[in-house]
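Heads up, the thing below is written out as structure tokens.
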Amino acid sequence: MSNDLSRWANRIRRSERPTYHAIADAIDEDIQTGHLRSEQKLPALRTVARALGINFTTAARGYAEAAERGLIRGRPGSGSYVRGEVASTPVKRSSPIGVIDMSMNMPPEPHDPDLINRLRSGFASLAREEDLYGLLRYQEFGGTMADREAAASWLSNRLTGVDPANVLICPGAHGALLGLFAALARSGDSIACEAVTYPGIKGIAAHLGVRLVGLPTDTEGMDPEAFAALCASDPPKALYINPTLNNPTTVTMPMERRRAIAEVAQRYGIPIIEDDPYGCLPEERPAPIATMAPQLTFYVAGLAKVLGPGMRIGFLVLPNVRYTARLNSTLSGLVVMANPAMIWLATRWIEDGTVRAMTRAIREESRARQMLAGEVLKGMDYRAQPEGFHLWLQVPAPWTRVELGNRLRSCGVAAVVSDTFTMRGPAPEALRICLGGASSRTECHRHLEIVHDAIEYLPGVAAGTK
């Protein structure tokens, strides 16, 4: 193996390409010349880094480049190996070349041939649809009754007794939130939310001139006493809350806390916007707040977190017919309608079980990646949930969140610092790290190693750390 590394060192010295490309080139050359055989184990990344006089991140990027070319593959916990055969199709990149995107909270993509065939079948059926022109015409906002019935059926494992007549199908959950903010508040009004919360509502509020009031939270979510104090002194027009697998803190609010929030909202008559994009992922979860305050809660869910962010189909469950008519008018004026072809696919995939199968597969893949995070980041302070796509990393001293974010960027890793999510008070020393963007568990493992190395091993860390 030392001879392999000597050849790689010579190849790197001769090459005018970036070092990580030169490493992949050296591996390719060794495979072509027979120095590396099928299924042969490659040197560990730290061994490569020491032997070549480079840092761990560059070595990892070299192996990643070789994997992208179909030359090698990794086995979590075991190492990297020469592939038995060259991949027959190009491996897709989930982010621009040279960038490891751990900033977007998207679901991992299961590599299950049966699921992929299900998706292909859905698209093929769409192409065979007799009334193709119908899918190209304007349609009434909110979907047909058949589409709403399918949505109500999918939501039934979380919400009981959903009336399809009070379900609107929207162009994504974000579109539903835009309509809700516009319908419930005017410019200058306030809407309460968690002090650290989903940043998409910051953009919506700024666009509409709505003031966000961030309320303090703890390890169980929003403080109901702080919510009650606000309602007593300066009642907001609504409360926005993300109580299950919170983005970014990962907190799932327990049942007693949900009941307390619902009780305060009912006492003061404050509408609740319950954003539940991840609610279908945990097998065991508390009931939605919408079940505790049904006449005040606007419940938002969608398919972006179980099929992919390109599936911009959201479901908005309204408290009553009066609000359904009002939101129908508001949303149709703002966004016209959801894509009819996407609604058609969503309904088909709900009815034929594809959405249910994808949810199970994504849940399993998320658990596997969170286990990898537990192994690689062992000893570090972070919050996560087994079925979540992300983790909330508490930045260790001597780093600050900004310094660590910059350090990760210098290593080619895109993550999100807590300032993006903070509505009230100083931003916590934390970063959100997303696990879904990696194309495989092996790639996810490698990305996590780079994060670990950026914190613990790379030059520039204060004396006293390894």
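At-a-glance table
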item	result
Between helix 145-155 and the chain: long-axis angle, C-alpha atoms, 0 to 90°, nearest 10	60
5 angstrom amide H check on VAL416, placed H, neighbours 5+ away	ARG432
Convex hull per residue volume in Å³, alpha carbons only, for region 179-277	84
Length-normalised contact order for region 1-58 - Cα pairs under 8 Å, 6+ apart - percent	36
ILE116-HIS35 FRET efficiency (beta carbon distance; Förster radius 35 Å; 0.05 resolution)	0.50
Rounded to 10°, Cα long-axis angle of helix 354-376 versus longest principal axis of the chain	50
Rounded accessible area per residue of region 333-466, 1.4 Å, Å²	41
Most to least packed among 249-256, 275-282 [average Cβ atoms within 10 Å]	275-282, 249-256
Three semi-axes of the equivalent ellipsoid, region 401-441, Cα gyration tensor, whole Å, largest first	22, 13, 6
Accessible surface ranking that places the most exposed of ILE116, ILE362 first, with a 1.4 angstrom probe	ILE116, ILE362
Average accessible area per residue (Å²) across region 190-306 - probe 1.4 Å, nucleic acids and ligands excluded	33
Accessible surface of region 312-380 [probe 1.4 Å, protein heavy atoms]: carbon and sulfur percent	53
Mean ellipticity per residue at 222 nm, deg cm²/dmol - from DSSP H runs of n ≥ 4 across the chain, formula -39500 (n - 2.57)	-13500 deg cm²/dmol
Relative contact order for the chain, counting Cα pairs under 8 Å that sit 6 or more residues apart, in percent	19
Sulfur and carbon atoms: percent of accessible area, region 385-436 [1.4 Å]	53
Region 267-307 - charge dipole about Cα centre, Lys and Arg +1 at Cβ, Asp and Glu -1, debye rounded to 20	120
Acute angle (nearest 10 degrees) that the helix 321-335 long axis makes with the longest principal axis of the chain, alpha-carbon atoms	50
Ranked order, VAL416, VAL321, VAL402, VAL167 - accessible area, probe 1.4 Å, largest first	VAL321, VAL402, VAL416, VAL167
Extension gain (nm, one decimal) between ARG356 and ARG50, 0.36 nm per residue minus Cα-Cα	105.4 nm
The chain - share of DSSP beta bridges that are antiparallel (%, nearest 5)	65
Under-5 Å amide H pairs with GLY172, H placed in peptide plane, nonlocal only	ILE313, GLY314
5 angstrom amide H check on TYR278, placed H, neighbours 5+ away	none
Shape metrics for region 318-400, restricted to C-alpha atoms - Rg then Dmax, Å	20.5, 55
Net lengthening on full extension, MET371/LEU126 (0.36 nm per residue, minus Cα-Cα)	84.4 nm
Trypsin sites (Lys or Arg not before Pro) within region 102-182, DSSP loop, no more than 13 other Cβ atoms inside 10 Å	ARG137
In nm, spacing of pseudo-spin labels at ASP234 and THR144 (7 Å Cα→C-beta vector)	4.9
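The values are calculated or read from the model by the stated rules, or taken from the named source; none is laboratory data. All of these numbers come straight from a predicted model, not from anything done at the bench. No Cβ is skipped: glycine too gets one built from the backbone with ideal geometry, and neighbour counts run over all protein chains shown. Heavy atoms of the whole protein, side chains included, go into the accessibility calculation; ligands, DNA and RNA do not. Shrake-Rupley method; radii C 1.70, N 1.55, O 1.52, S 1.80 Å.
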